[in-house]
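Written out below as structure tokens is the structure these notes cover.
The values are calculated or read from the model by the stated rules, or taken from the named source; none is laboratory data. In this text, all values refer to a predicted model and were calculated from it rather than measured experimentally. Please note: Cβ atoms are built from the backbone with ideal geometry, for glycine as well, and neighbour counts cover all protein chains shown. Please note that ligands, DNA and RNA were not included when accessible areas were found on the heavy atoms of the full protein model with its side chains. Shrake-Rupley method; radii C 1.70, N 1.55, O 1.52, S 1.80 Å.
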Amino acid sequence: MANLVLKRITGRTKIWFIIGDPSAHIVATALFNQYYFDNDIDASVSALNVVHADLPTFIQAIRSFRNVCGFGVTLPHKIEICRYLDHLSQRARQIGAVNFVRRDPDGSLSGDMVDGIGMTKALILNGVAIQGARVLQVGAGGVGRAIAFAIADAGACELTIANRSLARAENLAQAVQASYPACLCRVGEAVAPTGIDLVVNATSVGMQEGDPLPIDITAINGTTAVAEVIMSPETTALLDLADEKGCTTVRGKEMLIQQLHLASVHLGLQPQ
Ligand SMILES: NC(=O)c1ccc[n+]([C@@H]2O[C@H](COP(=O)([O-])OP(=O)(O)OC[C@H]3O[C@@H](n4cnc5c(N)ncnc54)[C@H](OP(=O)(O)O)[C@@H]3O)[C@@H](O)[C@H]2O)c1
């Protein structure tokens, strides 16, 4: 299979990159390349290790590479990259971060942010209703910002945001509340109350072996859904505990899978 994938890459292939620092943990490239193979799309993506100081050089190079259709953005560049782009989608502007950038033939760069919609699509696909839901989200970093706006946009009636740095949680809760007045948005503790509809881990806590649980879910039962952003490992201690309790669980990988099509559409590799 790997051989077949490699033989397809020619001078006609649309190339793109996912930039991050570090870059060794990036697994999305494998999922995208498999997706292109399965869907007969002539495109290929690799990870690039770009440090913060090299962003201007990277941007200048990308503008000049005529067979490059764009790039993806991961830690720590999702916010900083915005200032180098020519256009931002409405949701990227609202969130203040970007995870996919299209390079148009004139070299101009357009950013979008689909982390949040990836999560809401994965939730809906797993039968988790967001309309009218009461949600506890832990994490207010790049991915947390995207998910909070997407959850409010999908019609949640209450969103409580907990975060290690309180100021970030407050800032996010205020921004979401201002954009979605129908969703009661506030800051709270990372402790899930009995009967809450949905709990989301949007932190990186759980990536390392021995990490504590990011959220105390002692009080919930099988009526609460639990979603996780972490992709590696595929299953975290939080998800294991939620599975034991009979909760519907949504994995970080499922959130990324929902972004394969969305990102490819934004990069001009697939029709809507
Ligand atoms: N599944 C997907 O499609 C997908 C997409 C993108 C990212 N991700 C994953 O999402 C995770 C977060 O990414 P990000 O871009 O949001 O990163 P980020 O902007 O650096 O934010 C990290 C978040 O985790 C919190 N955090 C980190 N270490 C902590 C600790 N020891 N204790 C408590 N809280 C801690 C941070 O709290 P503070 O604000 O206090 O620092 C912040 O809320 C990563 O694991 C990433 O791989 C998944």
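When the P(r) of the range 97-230 is calculated, the portion above 23 Å amounts to 31% of the C-alpha pairs.
Less than 14 Å Cβ to Cβ from ILE196, Lys/Arg counted +1 and Asp/Glu -1: what total charge do the surrounding residues give? Provide the component values of the computation, followed by the final result.
Details: positive: ARG134, ARG186, LYS245; negative: GLU158, GLU189, ASP197, ASP216.
Result for the neighbourhood of ILE196: -1.
For the chain, the longest principal axis of the Cα atoms and the long axis of helix 115-125 meet at an angle of about 60 degrees. Mean separation of Cα pairs under 8 Å and 6 or more residues apart, divided by the residue count, gives the range 208-272 a relative contact order of 30 percent.
Accessible-area rank, largest first, for ILE15, ILE62: ILE15, ILE62, with all protein chains present and a 1.4 angstrom probe. Summed over the residues of the chain and divided among them, the accessible surface reaches 47 Å² per residue at a probe radius of 1.4 Å.
Rolled with a 1.4 Å probe across the full set of protein chains, the surface gives SER46 an accessible area near 60 Å². What a 1.4 Å probe finds exposed on the chain is 53% carbon and sulfur by accessible area, rounded to a whole percent. Backbone phi angles across the range 98-104, fed through the Karplus curve with coefficients 6.51, -1.76 and 1.60 (θ = phi - 60°), yield HN-Hα couplings of 9, 10, 9, 10, 8, 9, 7 Hz in residue order; Gly and Pro are listed as x. If you average the alpha carbon positions of the range 20-46 and of the range 105-180, how far apart do those two centres end up, in angstrom? The range 20-46 and the range 105-180 have Cα centres spaced 25 Å from each other.
Rounded, prolate or oblate, given the Cα gyration tensor of the range 99-174, with a/c below 1.5 counting as rounded? Verdict is oblate for the range 99-174.
For VAL27, VAL135, the ranking by accessible surface with the largest value first comes to VAL27, VAL135, using a 1.4 Å probe.
In debye, nearest 20: dipole of the range 152-211 around its Cα centre with unit charges on the Cβ of K, R (+) and D, E (-)? Mind dumping the intermediate values first?
Working: 3 positive and 7 negative charges, 39 e Å.
Using Cβ point charges on Lys, Arg, Asp and Glu, the range 152-211 gives about 180 debye.
Rounded to the nearest 10 degrees, the inclination of helix 252-266 to the longest alpha-carbon principal axis of the chain is 40 degrees. About the centre of its Cα atoms, the chain shows a dipole size close to 800 debye [charges on the beta carbon of Lys, Arg (+1) and Asp, Glu (-1) only; nearest 20 debye].
In µm²/s, what is D for the chain at 4 °C and 1.567 mPa s, where D = kT/(6 pi eta Rh) by Stokes-Einstein and Rh is the Kirkwood radius from Cα pairs? Before the final figure, lay out each step's value.
Values: Rh = 19.2 Å.
Rounded to a whole number, D works out at 68 µm²/s.
Count Lys and Arg as plus one, Asp and Glu as minus one, and take only other residues whose Cβ is under 12 Å from that of GLY139; the net charge is then +1.
When shorter helices are ignored and each DSSP H run of at least 4 residues is given -39500 (n - 2.57), the per-residue value for the chain at 222 nm works out to -10000 deg cm²/dmol. Between the helical axis of 28-38 and the longest alpha-carbon principal axis of the chain there is an angle of about 70 degrees.
Under the convention that each Lys and Arg Cβ holds +1 and each Asp and Glu Cβ holds -1, the size of the dipole of the range 2-113 around its Cα centre is about 120 debye.
Given C-alpha coordinates of the range 171-272, what is the ratio Rg to Rh with the Kirkwood estimate of Rh? When Rh is taken as the Kirkwood radius, the ratio is 1.03.
If I take every Cα pair under 8 Å that is 6 or more residues apart in the chain, average their sequence separation and divide by the length, what percent do I get for the relative contact order? Show your work: numbers first, answer last.
Details: 550 pairs, mean separation 40.4, N = 272.
Over the chain, the number comes to 15 percent.
Normalising the average separation of contacting C-alpha pairs (under 8 angstrom, six or more residues apart) by the number of residues puts the relative contact order of the range 116-255 at 23 percent.
Can you tell me which of THR235, THR194, THR120 moves the most in a GNM of the chain? Springs connect C-alpha atoms under 10 Å apart. Comparing THR235, THR194, THR120 in a Gaussian network model of the chain, the most mobile one is THR194.
Net charge in the neighbourhood of HIS266 (other residues with Cβ under 14 Å of its Cβ; Lys, Arg +1, Asp, Glu -1) is +1.
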